[in-house]
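Just so you know, all these numbers are worked out from the coordinates, no wet-lab data involved. A quick note: this is a predicted structure, and the numbers were derived from the prediction, not measured. We place every Cβ from the backbone using ideal geometry, glycine too, and count neighbours over all the protein chains shown.
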Amino acid sequence: MGIDTRRQTGPASLVRVLLPTVAVVATVPPTLVGLDAPTVTLTDLVALPCVALVLAGVGLSAAGTWQLLALGTRAAPVAGLLGGAVLLGEGIAIGTDLEPATSSGLMFGAAGGALAGALLLGVLVRWQSRSGWSAATARSMRRRLVGATVVVAGLVVTRASVPAWLVAVGVLVIVLVGLPLLAARLRVGVPSAELPPEPAPTIPPDVAALAAADPHGTIEVTPRVAARPVPRGPSLRVLHVGPGDAELHRRLAAAGHQVTVLGPRSPGAQERIERHGAGWVRWKPFGVRCGRTRLGQLLARTGAAVVAARHTDADVVVEEFAAPLGSVAMARWARRPVVGVAMWLPAPAPTDRWAPVHRLRWSAIRSHRSVIVRSPGTAEQLAAAGSRADVAVISHGIDPAALRPASGPRGEDVVVRVGHLGVGAASVNLLLQAWAQAPVSLAGRLVLVNAGPAEDELRRSAAHLGLAERVEFVDLSGETEHARVASSRLAVVLPGAPDAATRNAALEALAVGTPVLGPDLAVLRDVVPSGVGVLVPSDGDAAGLALALRELHGDRDRRDAAAARGPRLARVHDLDVLAGQTEDVYLAAVTRGSMSGRDGQGLDRRRLVPR
């Protein structure tokens, strides 16, 4: 995985500098060089354009000769140079014969002869490289010709006004010089050129400090469960722009793929490599440290993401749609197949007023041809917005280790995994108020798991409400936390957490047959049917929450339904199964890209062989 950081040299670089120079010289306003006096002749006016055409002909001839030498031919460069010299001489002679009294004939003849020589070299280059000529090469040349035409037209239009012409030249310099320099700076944040032959995961001694400093990082190097069998498909190099799902990345690596995850920079974030089976996952913080405002940092990350997608050696690029931009139209910038992951979608563009930002967001999203969504509702939203992408509904997954049924008798407690969700103290205080309004005869205690830094404040709130004996604070992890949920009467999912964490908390409770009480959110409607749980409006109504607690705590039918149906509902979201579905989407995108050519760049079809 990496980028080509070598300086581009060769005929292409010469042409890239030559053509803008010719356009600027040919369109210099007469006023700027003192050719606007009444005594100026036609010969003086055509001098600069003719000089520019001669420069273009000679420069293109040199580039053609350079290209022929690069192709390994010997006779063609010599024949091209001799033919170009003859054509230049003939052009000068013909021009002098047509206009012997003035020098305009000499200038026109030299310009025509130089361009004829360049045309001869171009024909020779085309003939010598006919075996490497492809539709992608033709499209690339057409794009460059269209760009050159636009540049010349813009300079000609602004030639009548010196300030306007100078502004146009300034814009041209920024595009041709400033943006490449910015791209070179942004390349610092993309993966390095070579992968170490035997990288070892680097885990600092203080694992807890690393987890707190890098919210997108992962700690375990080996999955807790055995990897699923390796399929027969090809091994892919995946570039994932965004944090993504750490366990999903690990499972793709265990299936033999090479995954590079470009996450945003954060204090303490470190580049590291994890090996799983035949593949590996590289965690790479990217972006440049420029801009002190949020907008400046957002633009810097966006530019770095585009540069990474264009220059990183990968078979498929995965772009996460994240707030506030949504998508950066990676499908239009990247040179290889792109898969979008709709983690977030903006509001629909209004139809009753002009909203350019909304329309720009949705235009970028509609540029994708392959999108993964987390719920059917998101798929419907994409379809309503006019997206023509192939949409795959692949939800957030849970670890198969959480799919074990409960062992032992179930108690009467109501468990809340505070630290697992990362919710704020306000949501927990609302639950404490509801628990205080619930009948004292309600058996069991309210168990707050891993309250973290907010534990002292929550203890004071519980004591103030008279719940010191009815609320328990515990710190659990791993198997003990899982067992506590499995032995409880009811699991409460609080609002205010990220969608993925909220969904997984409900699924892990259902996996062990525990009924779920949660907020009425779209992310939970898809996984918590009414028969195995209750969803209440998340509007801060403690009385309504207390009523739901009382009803669900004593509802034996729902408890039995959750014990019977919950594991089956959760098994659909097995992370191993979802990893296989995600792999299928990536392979389908690569297959479509190889059939369409995808500009013929970046995709090494020789690698797409069975493992």
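Here are some notes:
- A straight chain from residue 275 to residue 480 at 0.36 nm per residue would run longer than the Cα-Cα distance by 71.0 nm.
- A cut-off of 5 Å between modelled amide H atoms, ignoring neighbours fewer than 5 places along the same chain, links residue 472 with 446, 447, 448.
- Amide H contacts under 5 Å for residue 493, placed H, 5+ residues apart: 517, 518
- Applying the Karplus relation 6.51 cos²θ - 1.76 cosθ + 1.60 with θ = phi - 60° to segment 314-319 yields 3J(HN,Hα) values of 9, 8, 8, 10, 10, 10 Hz, where x marks Gly and Pro.
- Förster radius 51 Å - calculated FRET efficiency between residue 530 and residue 456 (Cβ-Cβ, nearest 0.05): 0.85
- Amide H contacts of residue 340: 319, 370, 371, 372, each under 5 Å away and 5 or more positions distant or on a separate chain (H built 1.01 Å from N in the peptide plane; Pro and chain starts excluded).
- Full extension of the segment from residue 539 to residue 47, taken as 0.36 nm per residue of separation minus the current Cα-Cα distance, would add 169.4 nm.
- When you count the other C-beta atoms within 10 angstrom of each residue and take the mean per peptide, 153-161, 48-56 line up highest first as 48-56, 153-161.
- Rounded to whole Hz, the Karplus (6.51, -1.76, 1.60) HN-Hα couplings of segment 519-534, x for glycine and proline: x, 7, 10, 4, 5, 9, 4, 6, 10, 10, x, 5, x, 10, x, 9
- FRET efficiency for residue 21 and residue 75, using Cβ-Cβ distance with R0 set to 25 Å, rounded to 0.05: 0.20
- Stretching the chain fully between residue 164 and residue 550 yields a gain of 131.5 nm (0.36 nm per residue, less the alpha carbon separation).
- J(HN,Hα) series, segment 83-99, from Karplus relation 6.51 cos²θ - 1.76 cosθ + 1.60, nearest Hz, glycine and proline x: x, x, 5, 5, 5, 5, x, 5, x, 5, 5, 5, x, 5, 5, 6, 10
- Within segment 531-564: backbone nitrogen closer than 13 Å to the residue 443 label point (7 Å, Cα to C-beta): 553-556
- Theoretical FRET efficiency, 1/(1+(r/R0)^6), r = Cβ-Cβ of residue 592 and residue 129, R0 30 Å, to 0.05: 0.60
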